[in-house]
Amino acid sequence: MSKDENDQQDTPKLVSRANNNDSEKPIELQPEYGKYIYGEIIRDFPNMIDYLGRLKFSATSTCIDLLALAQSLRVRINYSSDLDKDFMLYQPKTEAMNRHNVEAVLVVTDKQMTYQNQAWFVAQGLATYILDFAEYIPDFSENKDAMNKWTVFKLAEALLLPNDLVERVVDLSMALNEKTLDKVDQQNHFLVFNAPRTSIITHTAAQLANVPEWLMSQRIEEFYNG
């Protein structure tokens, strides 16, 4: 395959642009809705259409807005440096919480934490809330298929890195690293598996999505090879 052909495959069209003389203006993209982004979750938990389904996402965003996600689930996020674990959930029964439509508080550690690790703890906390606390989720403890499919880990993974987002950040990572990747490909043309290329793409994609690199690596494997 020629270099030009390779570039056409590796370099995505990130945003459509209209040419008017010498000026280029980005075309406004329509927002994406949670009922499509989280379609698989909503299919298994139909009541979630009234929660996740109403979320709006920017069509160009590289990470999930965790505060908006939590708010849609009626969860408030707090951070604490005194917490002796990754996260903690509790359900305060106060008039103030009822007025603000908050059904649970998720406390996440911020003791020597990266934003990427914190995001993963938030996702796990929200997944735990959905599966173990949320009253709008019917009891499915007798449904072995659902229990096996939607563990806390799998649900947290799906909340933080839905398929559309994985594809978007991988494409953007390849575009941002285009020159570096070309050089790495030239240097490692003899390799059966070009691990450095994959590592560069994964590292940048994880930063763009604000998730741990190991998690991005796993989601890339699931999305492209699963």
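The values are calculated or read from the model by the stated rules, or taken from the named source; none is laboratory data. Bear in mind that the values here come from a model prediction, so they are computed numbers and not experimental data. With ideal geometry, Cβ positions are generated from the backbone for all residues, glycine too; neighbour counts draw on all protein chains shown. Heads up: the accessible areas ignore ligands, DNA and RNA and are worked out on the full protein's heavy atoms, side chains in. Shrake-Rupley method; radii C 1.70, N 1.55, O 1.52, S 1.80 Å.
In segment 160-174, the residues that are within 16 Å of Gln116 (Cβ to Cβ) and part of a loop (DSSP other than H, G, I, E, B) reach residues that are open to solvent by less than 50 Å² (accessible area, probe 1.4 Å) and of a type in the set (Val, Ile, Thr) with C-beta atoms within less than 7 angstrom, at least six apart or across chains, in these pairs: Leu161/Val211. In segment 194-223, the residues that are without any contact (Cβ under 8 Å) to a residue 12 or more places away in the chain reach residues that are outside any helix (DSSP H, G or I) and open to solvent by less than 40 Å² (accessible area, probe 1.4 Å) with C-beta atoms within less than 8 angstrom, at least six apart or across chains, in these pairs: Asn194/Asn188.
Does Leu172 qualify as being of a type outside the set (Gly, Ala, Ser) and open to solvent by less than 40 Å² (accessible area, probe 1.4 Å)?
Against the criterion (of a type outside the set (Gly, Ala, Ser) and open to solvent by less than 40 Å² (accessible area, probe 1.4 Å)), Leu172 qualifies.
Of all residues in segment 175-219, those satisfying the criterion of being outside any helix (DSSP H, G or I), more than 23 Å from Tyr38 (Cβ to Cβ) and either of a type in the set (S, T, N, Q) or in contact with a Cys (Cβ under 8 Å, 6 or more places away or on another chain) (or both) are Asn177, Asn188, Asn194. Going by what's in this entry, would Leu208 be described as in contact with a strand residue (DSSP E or B) (Cβ under 9 Å, 6 or more places away or on another chain) and either surrounded by fewer than 21 Cβ atoms within 10 Å (Cβ to Cβ) or not basic (Lys, Arg) (or both)? So Leu208 fails the test.
Scanning segment 109-126 for residues that are of a type in the set (A, V, I, L, M, F, W, C) and within 17 Å of Glu213 (Cα to Cα) gives Met113, Ala119, Trp120, Phe121, Val122, Ala123.
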